[in-house]
Amino acid sequence: MRITTLAEYGVICALHLARRADEGPITGREIAELERLPGDYVEQILLRMRRAGLVRSTRGARGGYALARPADEISIRDVIEASETTTFDLHCISHPVEESRCSSSHNCSIRPVWLLLQRKIDDVLEGVRLSDLLLEEHDVRTRVGLPASPAIDAAGGRALPLLQP
């Protein structure tokens, strides 16, 4: 699975808004500059997040964007779905190899694996709140079930507990 640019930038923008929740609105252009992201992407993402109800916009000289809800009420799944429209592109549906082979009426032994993977990914992303990402990396690693040190993780190769059987 690949995290798309829109999804990654969406999480960066949402996290930026969460960090400054008490400071009031900020323009998309300012977020783009501060986070060193392309302005067009940021504006597109913020518009999508506004339509999804994750951010609110304010017009005027002191206008801009702010989170519409507290960071602990927004999951990373919410952010990715708003930014990208889906968390996992199920090719059986979006890009079928051939219509008859990939239709739901066809017996496909591969489809259940992709569906399970989609569910697991969504469960992990739903379990992580934007407020969790306000913590230091070692705290986030512990919160999601990874060893506190990246060196231990690389050596052990353990998966997230939600992904283990």
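Worth a mention:
- Residue match in the range 92-104 (condition: within 30 Å of Gln44 (Cα to Cα), at pLDDT below 75, part of a loop (DSSP other than H, G, I, E, B) and in contact with a Phe, Trp or Tyr (Cβ under 6 Å, 6 or more places away or on another chain)): no
- Summed over the range 11-55, the residues that are polar (S, T, N, Q) and not in a helix (DSSP H, G or I) give a count of 1.
- Here the condition is being buried (at least 19 other Cβ atoms within 10 Å of the Cβ), modelled with pLDDT of 95 or more and under 30 Å from Leu115 (Cβ atoms); of Ala7, Ala32, Ala14, it holds for Ala14 alone.
- Lone qualifier among Leu46, Leu34 - being among the aliphatic types (A, V, I, L, M), within 13 Å of Ile12 (Cβ to Cβ) and without any contact (Cβ under 8 Å) to a residue 24 or more places away in the chain: Leu34
- Considering the range 11-53, the residues that are touching a Gly at 6+ places or on another chain (Cβ under 9 Å) and aliphatic (A, V, I, L, M) include one that is nearest to Val79 (Cα to Cα), namely Met49.
- Some residue of the range 148-156 being closer than 28 Å to Glu73 by Cα, aliphatic (A, V, I, L, M) and either out of contact with any Asp or Glu (no Cβ under 7 Å at 6 or more places or on another chain) or modelled with pLDDT of 80 or more (or both): yes
- In the range 58-76, residue surrounded by the most Cβ atoms within 10 Å (Cβ to Cβ) [restricted to those that are without any contact (Cβ under 8 Å) to a residue 24 or more places away in the chain and basic (Lys, Arg)]: Arg69
The values are calculated or read from the model by the stated rules, or taken from the named source; none is laboratory data. Just so you know, these numbers come straight off a predicted model, no measurement behind them. All Cβ positions, glycine included, derive from the backbone under ideal geometry; neighbour counts span all protein chains shown.
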